[in-house]
Amino acid sequence: MAMALISLQQLGLLWFCDGCWEQERIALLKLKASFSFPPLSWVEGSDCCGWELVECNNITGRVISLNLTHRRDDWNLGKWYLNAADFLVFEDLKILNLSSNSIHCCGQNQVQGFETISSNWSNLEILDLGGNNFTNNILSSLTGFSSLNVLLLNNNGLEGTINVRDINNLFGLKELNLNENKIEHLQVFEGTNETQPWWPSTLEVLELSYNTLNNDVLSSMILSKFPSLKSLDLKGNLLQGSVDIISGWSNLKYLEELHLRHNNFSGTIPQSFGNMTSLRVLDISRNKFIGNIGTALASFTSLEYLCFSYNQFEVPISFASFANHSNLQFIYGVENKVIPDPNPTLFHPKFQLQVFSLSSTIKTNTTLSFPNFFLYQYNLTRVHFTNCKFQAEIPTWLLENNTNLMYFKLKSCSFSGQIQLPLHPKPNLLQFDVSYNTIRGRIPSNISLIFPNLQQVVMSSNELVGSIPGSFGQMNSLTRLELAYNYLSGEIPENISASSSPLGLLKLSHNNLKGKLFPTVSTLTSLAYLSLDGNGFEGSIPISLSNSSLLDLDISQNQLVGRLPLWIGNLSNLQVVSMSENHIEGLIPTEFCKLENLVYLDMSVNNLSGFFPPCPNMISLKYLHLNENKFSGVLSRDGRVFSSNSSLVSLDLGDNDMHGRIPDWIGNLAALNILVLRGNHFMGRIPNQLCLMTGLTIIDLSYNSLSGPIPSCLSNITFKTIEQQVGGMDNFTRGLRIRGHDSRGLNSLIYVQEQVDFTTKMLEHRFYGNVLALLIGIDLSHNELQGDIPPELGNLTEVHSLNLSHNYLTGQIPVSFSNLRQIESLDLSFNKLNGRIPAQLSQLYYLAAFSVAHNNLSGPALDSKAVLYINPHWRRAWFYFIEFVINSCYYFFVDNFS
């Protein structure tokens, strides 16, 4: 009996009598210390087969699955190196998941890798090591796991060339995931022997997305060597050119999923794709494919999911080529070239779609026919058209036919007529977007009854009239309401901001609204984006806004009066504030200094006085517009107004009553691109510290009382366009890249296009966005500057506009001005210049406006230049503008007089 007990104990069977095997319980408790964030509930003395993340065989009691994903945090537990010996006892393990733990492999003495235990793990089928720090040598350590079916090594430290020979012994491998590494090349063949690759012939799923694979790897992707392949993922790499460089597409008869998105493939879809008759999922988006999408994919009748967005395909609007695709459910085709069908035919499709999304990159004068296959669709959950010229009434019958429809977006498609709501409520609809059309009439007052659960209503840029229905306040799920750029009148309904409303974005800009901004009893705790600019609102800024969560506040171009409220400093999330063109008066309160996240502040064209308070903590502020107010006094000499770490990009203090000297600390604003101090009473010399601001593109000191010579050091400023400066273009052309954290699906990118008034070619212009980013100008006119014009100014070879008129400058026009090769406007009039006009100035081929009137010059005048000799960027912008005007006039006459 004693001998039998000893024998059973040696076999470990007695240890199974209490549940799991004792040696496995001990090993798990040892691992607990390394995988305890968040803490594990494993308790010593209990049955480990009942522990979380552990699964045992019901018969033998041995551990067969161990799931330790996301159980480590280096910050709290420190760096940890894998010691495979800790897992040695789990001999029946089938599934091991160690993903997302930032594990390092085998970097310390006496630490063993997987190669030391492969003989013990003959049953391992699934090994997940994704989201760790394993390097290339991990592959060679796994060669002994011959029973492995699934190997996941995504998001690790694999890089450079990967030797596929290391996994050739994994004879049963079906899925290999190497996504999100830095792999550049796959070494598939040994030496010059290209007859037998090292890929396991059993492989069904191969994932290589988001690496740095280039075309060199494609020659090794001989697809005929993958007889069992069902899914291939190459998205997010550096692959380019024709996909034909990969040979063997025609052999993939069993391929069900193909992901090629986010590369740089070009050309047409090859005919060899046609043999992939089992393909269910095809994603070729974000490439440069061309050709007719219908012709290219007509034979793919097994498709269920098709995404070809962001290419250059021609897309016949009828989709007749897909009539026999009976399994098709999802079509994503935004940003391609939607064209009329040359041979339109009526057809009854075999498919029932869930999602259809299409937008066009081309403007066309040809009217498209709304696809008739929609008449037979009843399972749609999302419909999206953008920039497709239909010139028809809104097809609200789609809402009647598809009761599960959740997202309905028909943007910029020339839809007209009035909004005709369905006869019956559609409780599933969450988004209704018909913006940028020519829809007329009133917003139906019963919209909340028909669409009771709407989250987003977008009707901007139409021709809507009448008042805003109060029923919007009855939509308890409404988070986004955009009605800007219409002809709406009346007041904002009181209940639009009910206490239960989750409204986070409200845009009513550029209508004919009037009255108070909001009732004082309104509750706006969820409001993050508020745009009421371009209306006729009156009264003061309401205290109801003090309880909001505002990120973006635009109440400019109204008739608001009163003082700036002190509570505005409590809106700590504010990033954009625009209150320009109102009648706000008084001082800017010091409470503004609490807005440490503020990036954009425009208080221009008001009646504000005093000056901006010292706010050294406001280091996020980039754009400050205080022009055309009644600010007075001197700029402090100690520079406390702005922090030494200031991020200011644009500073406009023009047309106020400031006086005194321009302080030396102005040179500390190292990030400044635009400085406008025009129309004040500044006196004294132009400080040399101005020359330290190497990022300047516009300097406007005109209409002051500055005296002394022009600093020759101005020639030291590089005067690169904002386009040429790293990261500068985004600041002026794409709006402010400000992102908030919003779980309601609101667009958290705040768009504010920078603008500046500047005089060039004898006229004052307002420059916006793209053009502003390309402009370089200096205006020192209407001052009391004296002395000779520094010849060093001829080194400003990138300047487009230079205005030194209306001063007391003497001497001759520097010959070096012939180096101003980009100059378009040069104004030296109303000075005391003498001598001859340098003949070399005739070489300034872009010069369009040149004035030296009211001087003491002699000799022949400069030959006039043709008006079209302007900067090519401006010339292109001008021609685009002319084309826009012509097209707008054409469509106006077509719409109104046809």
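The values are calculated or read from the model by the stated rules, or taken from the named source; none is laboratory data. Computed from a predicted model, the values in this text were never measured in an experiment. Heads up, the Cβs are rebuilt from the backbone with ideal geometry, glycines too, and the neighbour counts pull from every protein chain shown. To get the accessible areas, we keep the full protein, side chains included, count just its heavy atoms, and leave off ligands, DNA and RNA. Shrake-Rupley method; radii C 1.70, N 1.55, O 1.52, S 1.80 Å.
At 0.36 nm per residue, minus the direct Cα-Cα distance, what do residue 540 and residue 59 gain on full extension? Give it in nm, one decimal, please.
Extra length available between residue 540 and residue 59 comes to 165.4 nm.
For segment 687-705 and segment 116-189, what is the separation of their Cα centres, given in Å?
What the calculation gives is 61 Å, centre to centre.
Once each part is reduced to its C-alpha centroid, what is the distance from segment 595-674 to segment 796-830 in angstrom?
Using only Cα atoms, the two centres lie 29 Å from each other.
Between segment 470-510 and segment 442-457, what is the C-alpha centre distance in whole Å?
Rounded to whole Å, the Cα centres lie 11 Å apart.
How much length would be gained if the chain were fully extended between residue 525 and residue 839, taking 0.36 nm per residue of separation minus their Cα-Cα distance, in nm to one decimal?
Details: separation 314, 0.36 × 314 = 113.04 nm, distance 6.77 nm.
Between residue 525 and residue 839, full extension yields 106.3 nm more.
Computed over the Cα atoms, what is the radius of gyration of segment 408-498 divided by 2.2 N^0.38 Å, N being its residue count?
That ratio works out to 1.00.
For segment 643-700, what does the alpha-carbon gyration tensor say about shape, rounded, prolate or oblate, given a ≥ b ≥ c as the root eigenvalues, a/c under 1.5 as rounded, and a/b over b/c as prolate?
Judged from the Cα gyration tensor, segment 643-700 comes out prolate (a/c at least 1.5, a/b above b/c).
Identify all aspartates and glutamates with a Cα-Cα distance to residue 720 below 14 Å; exclude those on the same chain that are fewer than 8 residues away in sequence.
798
For the pair residue 619 and residue 295, how long in nm is the line joining their label points, each one 7 Å along Cα→Cβ?
6.0 nm
If you count only protein heavy atoms and use a 1.4 Å probe, how large is the accessible surface of residue 280, to the nearest 10 Å²?
For residue 280, solvent-accessible area is about 70 Å².
Does a label point 7 Å from the Cα of residue 812, set along Cα-to-beta-carbon, have any residues of segment 825-856 with amide nitrogen under 12 Å, and which are they?
834-840
May I ask you to derive the relative contact order of segment 354-471, considering only C-alpha pairs under 8 Å and at least 6 residues apart, and to give it as an integer percent?
Over segment 354-471, the number comes to 21 percent.
Between residue 861 and residue 216, what is 0.36 nm times their sequence separation minus the Cα-Cα distance? Round to one decimal in nm. Please list the in-between numbers first.
Working: separation 645, 0.36 × 645 = 232.20 nm, distance 6.31 nm.
Going from the current span to full extension adds 225.9 nm.
How much FRET efficiency would the formula 1/(1 + (r/R0)^6) give for residue 242 and residue 362, where r is the Cβ-Cβ distance and R0 is 22 Å, rounded to 0.05?
0.40
From the Cα gyration tensor of segment 455-575, with a ≥ b ≥ c the square roots of its eigenvalues, which class applies: rounded if a/c is under 1.5, or else prolate if a/b is larger than b/c, or else oblate?
Verdict is oblate for segment 455-575.
Treating cross-link reach as a plain straight distance, find the aspartates and glutamates whose alpha-carbon is under 15 Å from the alpha-carbon of residue 235, omitting any fewer than eight places away in the same chain.
Answer for residue 235, where 15 Å is the Cα cut-off: 180, 184, 207, 257, 283, listed by chain and number.
Taking the Cβ-Cβ separation of residue 30 and residue 185 as r and a Förster radius of 45 Å, what is the calculated FRET efficiency to the nearest 0.05?
0.70
As an exercise, identify the GluC sites (Glu not before Pro) in segment 568-645 lying in DSSP coil whose Cβ has no more than 15 other Cβ atoms within 10 Å.
Qualifying residues, ordered by number: 596.
Over segment 223-318, what is the mean sequence separation of C-alpha contacts under 8 Å (at least six apart), divided by residue count, expressed as relative contact order in percent? The partial results should precede the final answer.
Values: 216 pairs, mean separation 24.0, N = 96.
For segment 223-318, the relative contact order is 25 percent.
For residue 420 paired with residue 832, estimate the spin-label separation in nm (one decimal), with each label point 7 Å from Cα along the Cα-to-Cβ line.
7.9 nm
Once the Cβ-Cβ distance between residue 573 and residue 352 is put in as r, and R0 is 45 Å, what FRET efficiency do you end up with, to the nearest 0.05? Could you put the intermediate results ahead of the total?
Values: r = 45 Å, r/R0 = 0.99.
Efficiency for this residue pair is about 0.50.
Distance in nm between label sites at residue 369 and residue 465, each 7 Å beyond Cα in the beta-carbon direction?
Result: 3.4 nm between the two label points.
Strictly over 29 Å apart at the Cα level, which of 389/514; 409/516; 337/409; 182/411; 409/507 would you flag in this model?
389/514; 409/516; 182/411
What is segment 288-356 by shape, rounded, prolate or oblate, if you read a ≥ b ≥ c off the alpha carbon gyration tensor as root eigenvalues and call it rounded for a/c under 1.5, prolate for a/b larger than b/c, and oblate otherwise?
Details: a/c = 1.71, a/b = 1.20, b/c = 1.42.
The shape class here is oblate.
Leaving out ligands, DNA and RNA but keeping every protein chain, what accessible area does residue 436 have, in Å² rounded to the nearest 10, with a 1.4 Å probe?
It works out to around 120 Å².
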